[in-house]
């Protein structure tokens, strides 16, 4: 298709997979500029793998420096994105590979999270040495295990914008004397929820990693939240903001979800529960309000979500600079003789230096899927976050005066309060 304009060093394709994240356009811009300067032709592939997996090679853009030189300030993705999974069947894999070859690609940059990385790895194995692939890690969930705990691009911007939103909600909560439940994104890990809560100084963050069991009940999560509300009231406040990581919903037993959602649970092309379609905030709100009503209490509880308001935000300077490094490094990995023996890699920039990691190293040998970076609940940083949250702790049950105050706030006897809540701190 592009043979008539083939550059002296070949053709680079760029595509974006998964959900949006601030900084995507900056990667596209930096990669395009460096590739053109290196003598490559650049093709922007629209809608991720969606067209390639069905043999559509027409939905592409020929990119020039003038097309991308100022897009790094903008949110969203000029190439759009999709969650299409080209590895879902052997037919889709074969068609995707045929499409890549028909486009005459010598190099491919994939921009995405764990699922897009998995697809890039599977495609690279089938393409062997024909097409060299660089994967640029992107996710506001920050759940890719990058070295030195480096963030994935987009996370810092999402946290920054999320903190601004939560600060406004906190002020509204105090002004109107009400509680807010704020659901944030984080399909598999709670980094974004915890990061926003800690930076904003919200009342409490509830993330999946703090529950050690593979499955947890809705009752357990509501006990944590109700306990925090009781403790807050014992301290003289009847307002607060609680952040919930959406990934908690994936830990609920499916029968509980079905009972509360009134419909069957849906999955995406990669087999992930569509947690964004589960009304987590509403489920928790209804249960807490039911508990309050049983005690004859009146309290205003508002549930809201800030996930989709963060993904396409304009990147803050940190991410603008970071993605320029990543886009440049991706092309450098692809064309530099220094890396001629590597044929696919995750692109990291650590202390200003390119650190390509073989895609195979990012795959968990036990699950066969991409490794996930969860919040480490044994770190000092996590302990600091816990110290500044309002939640029930061991000392609350060890000190008689505190326990009496809590039981009184809950309108329960000491024995009843212990029976209901003490398991949370053991």
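Every read-out reported here was derived from the displayed coordinates using simple, explicitly stated rules and does not represent laboratory data. Predicted, not measured: the structure shown is a model, and the values here were computed from it. No Cβ is skipped: glycine too gets one built from the backbone with ideal geometry, and neighbour counts run over all protein chains shown.
The Cα atoms of the chain cover 81, 40, 33 Å along the three principal axes, with the biggest extent listed first. Out of all Cα-Cα pairs in the stretch 160-311, roughly what percent, to the nearest whole number, are more than 21 Å apart? Within the stretch 160-311, distances greater than 21 Å cover 42 percent of Cα pairs. Site pair residue 217 and residue 266 shows an inter-label distance of 3.0 nm when each label is modelled 7 Å from Cα along Cα→Cβ. Of the peptides 109-120, 398-409, 163-174, 181-192, the order by per-residue mean of other Cβ atoms within 10 Å, starting with the highest, comes out as 109-120, 181-192, 163-174, 398-409.
Inter-part distance, the stretch 115-171 to the stretch 2-77, computed on C-alpha centroids, equals 18 Å.
Extension gain residue 394-residue 379, at 0.36 nm per residue separation less the Cα-Cα distance, in nm?
Details: separation 15, 0.36 × 15 = 5.40 nm, distance 1.87 nm.
Here the answer is 3.5 nm.
Report relative contact order for the stretch 99-142 in percent, whole number only (criteria: Cα-Cα under 8 Å, sequence separation at least 6).
Details: 42 pairs, mean separation 21.7, N = 44.
About 49 percent, as a whole number.
For the pair residue 419 and residue 255 in one chain, pulling the backbone fully straight at 0.36 nm per residue adds 56.4 nm over the alpha carbon distance. Note on residue 62 and residue 199: their simple-model spin labels are 4.2 nm apart, each label 7 Å out from Cα toward Cβ.
Multiplying the residue separation of residue 54 and residue 371 by 0.36 nm and removing their Cα-Cα distance gives an extension gain of 111.3 nm. Residues 77, 99, 89 in ascending order of nearby Cβ atoms (within 10 Å, fewest first): 89, 99, 77.
Under 16 Å from a point placed 7 Å out from the Cα of residue 411 along the Cα-to-Cβ direction: which residues of the stretch 218-239 have their backbone N that close? Those under the cut-off are 226-227, 229-231, 233-234, 238.
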